[in-house]
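Below is one structure, written out as structure tokens, with a few remarks after it.
The values are calculated or read from the model by the stated rules, or taken from the named source; none is laboratory data. What you see is a predicted model, and the numbers here were worked out from it, not measured in a lab. Because the Cβ atoms are built from the backbone with ideal geometry, glycine has one as well, and the counts that use them run over all protein chains shown.
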Amino acid sequence: MAAGFGFGAGAGPGAGAGGAELVVIVSARSPVTALRPDQVAAIFLGQSARFPDGVEAVPLDQPLGAPLRDQFYERVANKTPSLLKAYWSKMVFTGRGQPPAEALDSATVRRRVAENPDTVGYIERGALDASVRAVLVVR
């Protein structure tokens, strides 16, 4: 069962950046069953390289400038696009981290996550299928 995390009303996949319900996903073959928002933020911000069970966690991002990406970081990490850019500039400059790899779109994120049990990504809830498991619902 996926953990919930609400910030306002979810509207469904075509609702645009302001209301689409997102899910954080792992492979259906992954032992991870649920993540908290702070755990997801730590993985995507390069502060943790592991899932809570100690297994390596490899984050996979949506493309830069995608409304889904902006919505994800604002809701999970409380970072606007400009704050996120400043954060990664500092992390890269100080040698403390690199931003996650980017996929072309949600279908690519879902496919790559399904193929790799150590990968974690996020997609619109309506894009879920049996190849991946939702571990956090982001509203």
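One line per residue, one yes/no per condition, for (1) under 18 Å from residue 79 (Cβ atoms); (2) among the acidic types (Asp, Glu); (3) in contact with a strand residue (DSSP E or B) (Cβ under 6 Å, 6 or more places away or on another chain); (4) at pLDDT below 95:
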site: 100; (1), (2), (3), (4): yes, no, yes, no
site: 107; (1), (2), (3), (4): no, no, no, no
site: 120; (1), (2), (3), (4): yes, no, yes, no
site: 124; (1), (2), (3), (4): no, yes, no, no
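To keep it simple, each residue is scored yes or no on (1) under 21 Å from residue 112 (Cβ atoms); (2) assigned to a helix (DSSP H, G or I); (3) at pLDDT 95 or above; (4) polar (S, T, N, Q).
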position	(1), (2), (3), (4)
38	no, yes, yes, no
43	yes, yes, yes, no
47	no, no, yes, yes
71	yes, yes, yes, yes
75	no, yes, yes, no
79	no, no, yes, no
Original post:
Looking at this structure, is residue 92 modelled with pLDDT under 95 and either surrounded by fewer than 19 Cβ atoms within 10 Å (Cβ to Cβ) or more than 16 Å from residue 41 (Cα to Cα) (or both)?
Top reply: no
Original post:
Hey, does the range 117-138 have a residue that's without any contact (Cβ under 8 Å) to a residue 60 or more places away in the chain, under 17 Å from residue 41 (Cα atoms) and of a type outside the set (Gly, Ala, Ser)?
Top reply: no
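For the range 86-139, name all the residues that are part of a helix (DSSP H, G or I), closer than 19 Å to residue 67 by Cα and among the β-branched types (Val, Ile, Thr). I'd like the intermediate steps shown before the answer.
Filtering the range 86-139 for residues part of a helix (DSSP H, G or I) gives 86-93, 106-115, 125-127.
With the extra rule that they be closer than 19 Å to residue 67 by Cα, the set shrinks to 86-88, 106-110, 125-127.
Matches in the range 86-139: 108, 109.
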